[in-house]
1. Inspect the stretch 398-415 for any residue being surrounded by fewer than 21 Cβ atoms within 10 Å (Cβ to Cβ), in a helix (DSSP H, G or I) and charged (D, E, K, R) and give the result as yes or no.
2. Can you pull out the residues in the stretch 160-178 that are farther than 17 Å from Phe208 by Cα and not in a loop (DSSP other than H, G, I, E, B)?
3. Pull up the stretch 235-287, narrow it to residues that are of a type outside the set (Val, Ile, Thr) and assigned to a helix (DSSP H, G or I), then point me to the one that is least open to solvent (accessible area, probe 1.4 Å).
4. Criterion first (in contact with a Phe, Trp or Tyr (Cβ under 6 Å, 6 or more places away or on another chain), farther than 22 Å from Ser488 by Cα and not acidic (Asp, Glu)) does Lys58 satisfy it?
5. All but one of (1) closer than 30 Å to Lys38 by Cβ; (2) modelled with pLDDT of 95 or more hold for Ile492; which doesn't?
6. Out of the stretch 356-370, which residues are part of a loop (DSSP other than H, G, I, E, B), under 15 Å from Thr451 (Cβ atoms) and not hydrophobic (A, V, I, L, M, F, W, C)?
7. Looking at Lys440, Lys453, can you tell me which residue is under 21 Å from Asp60 (Cβ atoms), among the charged types (D, E, K, R) and open to solvent by 30 Å² or more (accessible area, probe 1.4 Å)?
8. Given the residues Tyr210, Tyr206, Tyr123, which is the only one that is in contact with a Ser or Thr (Cβ under 8 Å, 6 or more places away or on another chain), part of a strand (DSSP E or B) and under 16 Å from Glu89 (Cβ atoms)?
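The values are calculated or read from the model by the stated rules, or taken from the named source; none is laboratory data. Quick caveat, the model's predicted, so the values are computed rather than measured. Reconstructed Cβ throughout: ideal geometry from the backbone, glycine too, with neighbour counts over all protein chains shown. Remember, those area values only see protein heavy atoms, side chains included, never the ligands or the DNA or RNA. Shrake-Rupley method; radii C 1.70, N 1.55, O 1.52, S 1.80 Å.
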Amino acid sequence: MAGAAAVDVPAPAAANGGACCHAAKGPGYATPLEAMEKGPREKLIYVTCVYNGTGINKPDYLATVDLDPNSPTYSQVIHRLPVTHIGDELHHSGWNSCSSCHGDPSAERRFLILPSLLSGRVYVVDTATDPRAPSLHKVVQAEDIAEKTGLGFPHTSHCLASGDIMISCLGDKEGNAAGNGFLLLDSEFNVKGRWEKPGHSPLFGYDFWYQPRHKTMISSTWGAPAAFRTGFNLQHVQDGLYGRHLHVYDWPGGELKQTLDLGDTGLLPLEVRFLHDPSKDTGYVGCALTSNMVRFFKTADGSWSHEVAIDVKPLKVRNWILPEMPGLITDFVISLDDRYLYLVNWLHGDIRQYNIEDPAKPVLAGQVWVGGLLQKGSDVVYVTDDGQEEQYNVPQVKGHRLRGGPQMIQLSLDGKRIYVTNSLFSRWDEQFYGDDLVKKGSHMLQIDVDTEKGGLAINPNFFVDFSKEPDGPALAHEMRYPGGDCTSDIWI
């Protein structure tokens with residue numbers, strides 16, 4: 001995910017973190033462009049759904065949603081796989097194997113990894129036996145992880161070309177950020193230990209992405225679990241309980257090489273992505289609180305630097321907890337040809353499309369409002385430069401008023417469709433959107449993308465309503481296609 005087309009440059013085996021080669025075919029695709037041009041249209045998507053924090057005393061679950069417009073169950077949940085415990089807070093997910101193992105014919109994209117952010121368990125789900133009805137394969141218990149590694153609060157999961165699974169963990173089991181690091185599971189999902197070298201843990205944990213041809217992994221920094229799990233408190237930012245750094249690691253060695261301080265323009269850096277083209281040495285991180293997209297890049301001397309590439313201005317508001325409201329960038333994706341970047345502003349309520357053919361100078365190409373705190377009918381208004389009170393027009397979809405704001409997004413392989421859910425984290429959902437989201441539940445939308453001229457439009461025929469789930473309204477978060485996507489697959 002730079003402006004130039006993906007280039008299939010042979011990668012040295014030592015940089016891969018494993019022994020994959022391009023001679024044979026394993027999971028995924030040889031290059032990002034091959035995935036974009038030859039990948040099939042998505043027909044199913046797996047969605048993590050949460051009951052924790054909603055008042056419904058049921059386990060979280062993995063929903064299977066039908067995305068096939070020719071199917072009689074299009075835009076519906078067709079299967080639900082509950083996990084084994086209550087209170088997990090399913091959040092992000094990843095695969096046991098992806099395009100990083102495309103050269104390994106013995107590798108198979110079979111298991112979806114579901115870290116539980118609050119309980120510390122890791123669920124392993126078999127999606128290959130019946131893709132429409134996944135089944136539980138294994139549970140890695142939090143006690144086993146904590147005993148062998150000291151880690152808790154698992155978040156992002158990526159497969160490695162070696163066959164191992166790497167999961168970022170945001171703290172120790174008590175929620176202290178000082179205990180965070182990276183968990184390694186082997187191909188049978190047994191705990192192997194930590195990935196990083198002793199003494200090389202980051203200040204805070206959250207997301208990570210590796211770019212083997214540059215022998216680099218970069219991780220981001222949300223905050224201390226002891227702080228964020230109780231709700232957002234601005235004082236905690238001032239107290240140093242939230243992050244503003246990127247950590248640059250040697251890959252695959254696990255040595256912390258550099259820490260980038262993003263300063264006051266980079267508070268709460270969350271999702272981090274390199275460009276898809278594995279030869280490129282640049283990427284972005286979305287900084288939630290300051291609502292900036294920060295670009296990181298390698299310099300001439302081999303070190304890494306950063307700059308603000310996109311700045312979403314806060315809005316002056318009335319009838320809210322603060323006089324200004326940040327957009328709160330909580331997720332972004334990059335098209336597989338590295339041409340477009342899409343971001344969400346969870347509080348403002350819009351999705352944006354930027355042309356990043358010049359990665360240092362993104363150009364706004366499309367924008368659509370799909371919820372947020374500033375939509376017409378809300379108590380909150382924003383104030384224009386001339387003192388007028390305004391709100392955004394947000395259309396209904398299939399007769400439904402849109403709740404919450406755009407939170408997680410997933411892009412089709414061909415770059416023409418975006419899927420969007422609206423739950424961030426149950427405690428924060430309750431704090432910022434209240435019963436309108438937590439008690440009424442999530443929904444999932446599809447946005448049509450103009451990839452020629454730029455532009456975004458809501459698909460009026462697609463609406464997945466999680467308010468009507470059999471066990472009650474649920475909160476929907478991250479999404480994964482069975483065959484991989486632009487936020488799960490890394491090319492080597």
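1. No: zero hits.
2. Passing the criteria: only Ala178.
3. If we filter the stretch 235-287 for residues that are of a type outside the set (Val, Ile, Thr), which is where we start, we get 235-236, 238-247, 249-258, 260-264, 266-271, 273-281, 283-284, 286-287.
Right, trim to assigned to a helix (DSSP H, G or I) and you get 235-236, 238, 263-264.
Details: Gln235: 85, His236: 40, Gln238: 132, Gly263: 17, Asp264: 117 Å².
Ranking the qualifying residues of the stretch 235-287, first place goes to Gly263.
4. Details: in contact with a Phe, Trp or Tyr (Cβ under 6 Å, 6 or more places away or on another chain): yes; farther than 22 Å from Ser488 by Cα: yes; not acidic (Asp, Glu): yes.
Yes.
5. Exception for Ile492: condition (2).
6. The first filter runs over the stretch 356-370 and keeps only residues part of a loop (DSSP other than H, G, I, E, B), leaving 356-362, 370.
Among the residues that remain, those that are also under 15 Å from Thr451 (Cβ atoms) are: 356-357.
Glu357 - this is the single residue of the stretch 356-370 that is part of a loop (DSSP other than H, G, I, E, B), under 15 Å from Thr451 (Cβ atoms) and not hydrophobic (A, V, I, L, M, F, W, C).
7. On the way: Lys453 fails: under 21 Å from Asp60 (Cβ atoms).
Going through Lys440, Lys453 in turn, just one is under 21 Å from Asp60 (Cβ atoms), among the charged types (D, E, K, R) and open to solvent by 30 Å² or more (accessible area, probe 1.4 Å): Lys440.
8. On the way: Tyr210 fails: under 16 Å from Glu89 (Cβ atoms); Tyr206 fails: part of a strand (DSSP E or B).
Going through Tyr210, Tyr206, Tyr123 in turn, just one is in contact with a Ser or Thr (Cβ under 8 Å, 6 or more places away or on another chain), part of a strand (DSSP E or B) and under 16 Å from Glu89 (Cβ atoms): Tyr123.
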